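So the structure is just underneath, and the comments pick up after that.
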Amino acid sequence: NKDGKLQVMSVNKLIPVFIDFPTCILPENFSIEITTKWKAKQRYGAAVNIPLTAQAYYEQGVRESFRLTGTTTAYGAATATTLLTSGFDLSDWAASPDKLKAIWQQKWLALVNYSGLQAWSEYRRTNFPVTPASLSTSPTAPRPVRLFYPQSEVASNGANVTAQGTIDVFTSRIFWDID
């Protein structure tokens with residue numbers, strides 16, 4: 001909008017929410033930074049020099065997520081610290097034996113609040129977090145592996161959409177989803 005804020009629609013689609021765009025992307029930047037640096041450190045060891053520890057990046061990302069969602073304003077900065085020192089797996093870095101799963105959990109929690117599609121993409125990419133099946137479906141029922149193309153894509157690129165064949169969201173993987 002004219003004030004330099006990104007307008008996104010809230011979950012109920014009735015109330016527009018304005019987010020300062022640079023603020024909106026920070027949690028994603030932190031999660032990308034920590035994920036790539038953590039993986040690089042695992043793969044290349046001492047050859048990789050990162051200025052902060054993986055724990056510092058993780059905690060910085062969680063605090064930024066709390067700030068973005070308004071949790072810090074509503075409940076105080078100590079709320080994030082309480083979570084980060086809780087002793088719970090996937091929240092407290094020191095208590096989490098699988099550090100990547102802790103990162104993925106907090107990244108998913110941050111994204112689900114303002115970018116549901118990105119959170120779903122992360123879930124599909126990592127198969128994490130483990131989410132229970134809906135009570136209205138069988139626990140063994142297949143989960144969606146893709147979404148239908150939006151109507152705008154069908155209208156502007158119909159030939160390529162049609163070339164994909166009949167799309168079943170439970171069995172038809174998108175062209176880049178190979179595993």
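The values are calculated or read from the model by the stated rules, or taken from the named source; none is laboratory data. Note that the structure is predicted; figures quoted are calculated from it, not measured. Please note: Cβ atoms are built from the backbone with ideal geometry, for glycine as well, and neighbour counts cover all protein chains shown.
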Could you list all residues from segment 43-57 that are surrounded by 10 or more Cβ atoms within 10 Å (Cβ to Cβ), assigned to a helix (DSSP H, G or I) and of a type in the set (A, V, I, L, M, F, W, C)? Ala54, Ala56
Pairing a residue in segment 111-139 that is hydroxyl-bearing (Ser, Thr, Tyr) with any residue that is surrounded by 15 or more Cβ atoms within 10 Å (Cβ to Cβ), where Cβ atoms lie under 6 Å and the two sit 6 or more apart in sequence or on different chains, gives Thr126/Trp104
Based on this model, can you work out whether Ser96 counts as surrounded by 16 or more Cβ atoms within 10 Å (Cβ to Cβ), among the hydroxyl-bearing types (Ser, Thr, Tyr) and at pLDDT 90 or above? yes
Quick one: is Leu117 modelled with pLDDT of 80 or more, under 30 Å from Arg146 (Cα atoms) and not aromatic (Phe, Trp, Tyr)? yes
Inside segment 72-141, counting only helices (runs of 4 or more DSSP H) that do not spill past its ends, which hold 1 or more residues that are more than 19 Å from the chain's Cα centre (by Cα) and within 14 Å of Gln55 (Cα to Cα)? 78-84
For segment 148-170, name all the residues that are surrounded by 12 or more Cβ atoms within 10 Å (Cβ to Cβ) and of a type in the set (A, V, I, L, M). Val154, Val161, Ile167, Val169
